[in-house]
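Enquirer: For reference, the structure I am asking about is given below.
The values are calculated or read from the model by the stated rules, or taken from the named source; none is laboratory data. Just so you know, these numbers come straight off a predicted model, no measurement behind them. Reconstructed Cβ throughout: ideal geometry from the backbone, glycine too, with neighbour counts over all protein chains shown. Ligands, DNA and RNA are excluded from the accessible area calculation, which covers all protein heavy atoms including side chains. Shrake-Rupley method; radii C 1.70, N 1.55, O 1.52, S 1.80 Å.
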Amino acid sequence: MFETRSGPPVSALEEIDLEIGEQEFVTLVGRSGCGKSTLLRLIAGLLPVSGGRITIGEREVDSPRRDVGLMFQQPALMPWRTVIQNIMFPVEILGLDRRTSAEKAEQLIALVGLQGFEGRRPWELSGGMQQRAALCRALIHEPRVLLMDEPFAALDALTREELSLELQRIWSDRRTTIVFVTHSISEAAILSDRVVVMTPRPGRVARVVAVPVPRPRAFGEELHAEALARAEEEVRTLLYVREPMQGAA
């Protein structure tokens with residue numbers, strides 16, 4: 001619930017009851033203003049909870065945590081720092097071992113295909129390359145949970161698909177628990193174990209749609225096209241329903 005400058009408080013989310021498993025990839029979808037980003041910030045400890053509780057493991061979330069990584073729509077790289085310096089920034093903030101972290105940074109850079117660009121400034125990179133660097137920065141301290149708020153929304157369609165598949169590969173390799181926000185139904189189906197469909201404000205869980213399709217997955221692939229299409233259609237149908245719905249499937 002949030003205070004507005006005029007009028008009564010606005011309830012952004014209500015009756016959210018959601019459990020996300022260790023190493024699971026879960027995506028939140030819903031109309032603009034349904035509270036997806038608010039829920040992500042609550043999980044991150046960036047906003048206070050006005051009712052109920054959020055836990056990661058056995059610990060209640062009441063402030064930002066070292067074991068949670070964040071990635072937003074804009075890469076927010078510091079323009080005066082090189083790629084490697086941007087990636088290493090959380091290491092400085094958290095006081096982690098620089099030598100060990102430098103080795104991890106090299107591995108991440110290789111993982112996302114940024115070799116040779118370690119010394120470049122952000123303005124020398126394409127939008128997709130900047131987001132690859134931002135992903136490395138979010139993973140450098142090996143977070144238990146990675147929260148991603150529409151990280152590919154500002155990219156062109158081809159780069160967006162490319163990075164979605166890259167993220168799938170990285171998740172399969174590292175198995176970090178990911179909570180991902182997107183407006184793209186096809187992106188949600190390709191990436192997720194489960195898709196959480198949210199109602200318009202106040203945001204509630206309309207339904208949780210499972211995507212029981214083996215990985216790796218690809219856009220337009222023939223092998224699992226029918227199963228992916230079914231998941232997409234279920235999500236799409238739920239999003240077109242205007243009345244609040246509850247329950248899970």
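Enquirer: If HIS183, HIS224 are ordered by their accessible area, calculated over protein heavy atoms with a 1.4 Å probe, which sequence runs from highest to lowest? Walk me through the numbers on the way to the answer.
Expert: Working: HIS183 90, HIS224 40 Å².
Sorted descending by solvent-accessible area, the residues read HIS183, HIS224.
Enquirer: Further, regarding this structure: Within 12 Å, Cβ to Cβ, of PRO202, how many net charges do the neighbouring residues add up to if Lys/Arg are +1 and Asp/Glu are -1? Mind showing how you got there, number by number?
Expert: Details: positive: ARG201, ARG204; negative: GLU14, GLU15.
Value of the local net charge: 0.
Enquirer: Another one. Among PRO200, LEU158, ALA227, which residue has its Cα furthest toward the positive end of the charge dipole of region 102-249, with +1 on Lys/Arg Cβ and -1 on Asp/Glu Cβ?
Expert: After comparing all options, I get PRO200.
Enquirer: At a probe size of 1.4 Å, how large is the accessible area of GLU187, to the nearest 10 Å²?
Expert: 10
Enquirer: Nearest 10 degrees is fine. How inclined is helix 98-112 to the longest principal axis of the chain, computing both from alpha carbons?
Expert: 70
Enquirer: Using the Kirkwood formula on the Cα atoms of the chain, what hydrodynamic radius do you get, in angstrom to one decimal?
Expert: On the way: mean 1/r = 0.0526 Å⁻¹.
When all Cα pairs of the chain are included, the Kirkwood radius is 19.0 Å.
Enquirer: Same structure, new question: Can you give me the accessible area per residue for region 82-204, using a 1.4 Å probe, in Å²? Mind dumping the intermediate values first?
Expert: Details: 5020 Å² over 123 residues.
Per-residue accessible area for region 82-204 comes out at 41 Å².
Enquirer: Just round it to a whole percent: the fraction of Cα-Cα distances in region 195-234 exceeding 10 Å. Kindly include the intermediate steps, with their values, before the conclusion.
Expert: Details: 569 of 780 pairs.
The calculated P(r) of region 195-234 puts 73 percent of pairs beyond 10 Å.
Enquirer: If you place +1 on the Cβ of every Lys and Arg and -1 on the Cβ of every Asp and Glu, how big does the dipole about the Cα centre of region 103-249 come out, in debye to the nearest 20?
Expert: Numbers: 19 positive and 21 negative charges, 109 e Å.
Taking the Cα centre of region 103-249 as origin, the dipole is about 520 debye.
Enquirer: Once the whole set of protein chains is in place, how much accessible area is left on LYS104, using a 1.4 Å probe, in Å² to the nearest 10?
Expert: Counting only protein heavy atoms, LYS104 exposes about 60 Å² to solvent.
Enquirer: Related question: Please report the relative contact order for the chain, taking Cα pairs under 8 Å with a sequence separation of at least 6, and give it as a percent rounded to a whole number. Each step should come with its number before you reach the end.
Expert: Working: 420 pairs, mean separation 67.2, N = 249.
Relative contact order here is 27 percent.
Enquirer: Still on this structure, I have one more. Counting other Cβ atoms within 10 Å, which GluC sites (Glu not before Pro) in region 64-167 have at most 16 and lie in a DSSP loop?
Expert: Numbers: sites: GLU92, GLU103, GLU106, GLU118, GLU124, GLU161, GLU162, GLU166; in loops: GLU118.
When the GluC sites (Glu not before Pro) of region 64-167 are filtered for loop state and at most 16 Cβ neighbours within 10 Å, GLU118 remain.
Enquirer: Tell me which trypsin sites (Lys or Arg not before Pro) from region 145-193 have a DSSP coil assignment and no more than 12 other beta carbons within 10 Å of their own. Mind showing how you got there, number by number?
Expert: Details: sites: ARG160, ARG169, ARG174, ARG175; in loops: ARG175.
Those that pass, being in a loop and sparsely packed, are ARG175.
Enquirer: At 10 °C and 1.306 mPa s, what whole-number value in µm²/s does Stokes-Einstein give for the translational diffusion of region 1-129, with Rh from the Kirkwood sum over Cα pairs? Mind dumping the intermediate values first?
Expert: Numbers: Rh = 17.8 Å.
Translational D for this selection: 89 µm²/s.
Enquirer: Can you pull the accessible area of PHE152 for me, 1.4 Å probe, Å² to the nearest 10?
Expert: 10
Enquirer: Along the charge dipole of region 3-135, pointing to its positive end and built from +1/-1 on Cβ of Lys, Arg, Asp and Glu, which listed residue (ALA12, SER50, SER32) has its Cα farthest out?
Expert: SER32
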